[in-house]
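Here the structure is laid out as structure tokens; the discussion comes afterwards.
None of the figures in this text is laboratory data; all of them are computed from the coordinates on show. None of the values given here were measured: they were computed from a predicted structure. Here the Cβ positions follow ideal geometry from the backbone for every residue, glycine too, while neighbour counts run over all protein chains shown.
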Amino acid sequence: MNILIIGVGYVGLATGISLAIKGYNVRFYDKNKEKITLLKNGKLPFFEPKLQKTLIESLNDKRVIFFDNFKEAIANAEVVFICVGTPIFKNGDTNSKDIEKVAMEIKKNKQGKTVIVIRSTVNPKVYNSIKSILSDKDFHLAVNPEFLREGKALDDTLNPSRIVVGTDDKLAKETLKKLYSSFDAPKIFTDPISAILIKYASNSFLAVKISFINEIANLSDKLGGNIDDIAKGLGLDPRIGKDFLKAGIGFGGSCLPKDAKNIVKYAKETGINLDIIDAASKLNDKQYKVVIRKLKQYLGSLNGKKIAVFGLSFKGGTDDLRNSVSFRIISDLRRAGAILKLHDYLAWIKAKELVKVTLVSNDPYLVAEDTDAIVIATDWNEYLNEDWKKIKSLMKGNLIIDGRNILDGGLLKKIGFTYEGIGRK
Ligand code: UGA
């Protein structure tokens, strides 16, 4: 089975390389020539360690080929996966320009029976638009949402929690059944709308779970409770589950915030209010302000105060800055007149190009030097292993606001820090 993957982001590469590992011949196309050149040379355009290693192995075994010419790439493809980004506008609508363009390119360049799989996250409106562009009888359409997490992209694709296929087309269904036959995972074959809603409901539920625990953490802060114990006590109920109950400054990234806003906007157009999901988004948009409040509580005016922000990527283990909560904190602090120094283990290089501040570095000691306070904005586990005694001796002040509740507050207090988490005693 000849497979073409369109779009070489996390989803496209993880999908294609997983299929190559399973023994398929996989071609990749992307309109971004720089990315294709990098990939031809065995380099990923982003940080994802396991994917990096398997990319090189797949190139060596000649199981993957990269193209920047669409016509050549699609020529003998039997199954085409659409994996391009579907970003949203400020008002929550999908910017479907790229995905619709891909559909038009397929229509223009492809003849003969082809199964076309929408792997990108699309709402029913975008799905219908793609369907009408690809209405030819030779095109057999399916929706196959992905559930991979950045940082675990390959593992999540090779060993998914579930495989969901939504299609009304017999050939598409049979082809995808065969394609995924060697994947050991529960499989759900359903209609396209249900498959689409499984994806949106999944990310929205995760968003709700995080905003829920953040709301309880805000109450716990006020009342003097300990959110770690509260989350543990809550999560031990198997009906609730312990995952995604880590309180903090809110969720970021290219998926949760986008999908929650997009489905609320789309549902509203159909006359349905998704009040719970909407509330989760709205709480998330302001949850980061807890850090600003706490800084002001200890430092008074932030004008002229030197503040280190530790963590720039939207979560630990990635260099992805998209929708990172750190940047909301950074812009509020700038507006308040603070002097900023920024740290990240990986994303500091990308961040350096984006923000002009006193210092952006991957050296936490250099960043901490002479600062009044440190804000932890990303859950990099590596922060646990830094020498906090040394950091304390380098700082001017002694305040740590741990926006991700990852450090050991008791230990830091012993060293002489004033420590504040989110909802933590
Ligand atoms: C998310 C979903 O977890 C994947 O299942 C989904 O496939 C993917 O979106 C997608 O739609 O492509 P990802 O964006 O990689 O994956 O990030 P998550 O691990 O879900 O984290 C999202 C944000 O929530 C991060 O900012 C993280 O710090 C935050 N978070 C997560 C919390 O604040 N608390 C938690 O308990 C968990």
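Checked against (1) in a loop (DSSP other than H, G, I, E, B); (2) surrounded by fewer than 24 Cβ atoms within 10 Å (Cβ to Cβ); (3) hydroxyl-bearing (S, T, Y), Y365 passes all but a single condition, namely (1). Looking across region 397-406, the residues that are closer than 10 Å to I374 by Cβ and free of Cβ contacts under 8 Å to residues at least 60 places away in the same chain come down to N398, I400, D402. Residues of region 114-126 that are within 16 Å of the ligand (Cβ to nearest atom) and touching a residue at least 40 places away in the same chain (Cβ under 8 Å): V117, R119, S120, T121, V122, N123, V126. Residues in region 213-229 that are more than 10 Å from the ligand (Cβ to nearest atom) and crowded, with 19+ Cβ neighbours inside 10 Å were compared, and the one that is nearest to N262 (Cα to Cα) is A217.
Residue by residue, here is whether (1) touching a helix residue (DSSP H, G or I) at 6+ places or on another chain (Cβ under 8 Å); (2) surrounded by fewer than 23 Cβ atoms within 10 Å (Cβ to Cβ) holds:
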| site | (1), (2) |
| --- | --- |
| K258 | no, yes |
| T270 | no, yes |
| I277 | yes, no |
| L299 | no, yes |
| L312 | yes, no |
| D319 | yes, yes |
| A347 | no, no |
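Among the residues of region 240-268, just one is among the basic types (K, R), under 19 Å from R328 (Cα atoms) and within 11 Å of the ligand (Cβ to nearest atom), namely K258.
Would a scan of region 127-144 turn up a residue that is in contact with a strand residue (DSSP E or B) (Cβ under 9 Å, 6 or more places away or on another chain) and within 13 Å of the ligand (Cβ to nearest atom)? Yes, some residue in region 127-144 is in contact with a strand residue (DSSP E or B) (Cβ under 9 Å, 6 or more places away or on another chain) and within 13 Å of the ligand (Cβ to nearest atom).
Being touching a strand residue (DSSP E or B) at 6+ places or on another chain (Cβ under 7 Å), among the small types (G, A, S) and farther than 26 Å from G9 by Cα is a description that does not apply to A279. Only a single item in (1) within 15 Å of the ligand (Cβ to nearest atom); (2) touching a Leu at 6+ places or on another chain (Cβ under 8 Å) is not met by F183, and it is number (1). The C-beta contact set for region 154-165 (first residue surrounded by fewer than 19 Cβ atoms within 10 Å (Cβ to Cβ), second residue in a helix (DSSP H, G or I), distance under 8 angstrom, 6+ apart or interchain) comprises D155/K50; D156/A14.
Counted as qualifying within region 42-136 are the helices (runs of 4 or more DSSP H) with 3 or more residues that are under 25 Å from the mean Cα position of the chain (by Cα), namely 49-60, 97-109, 124-133.
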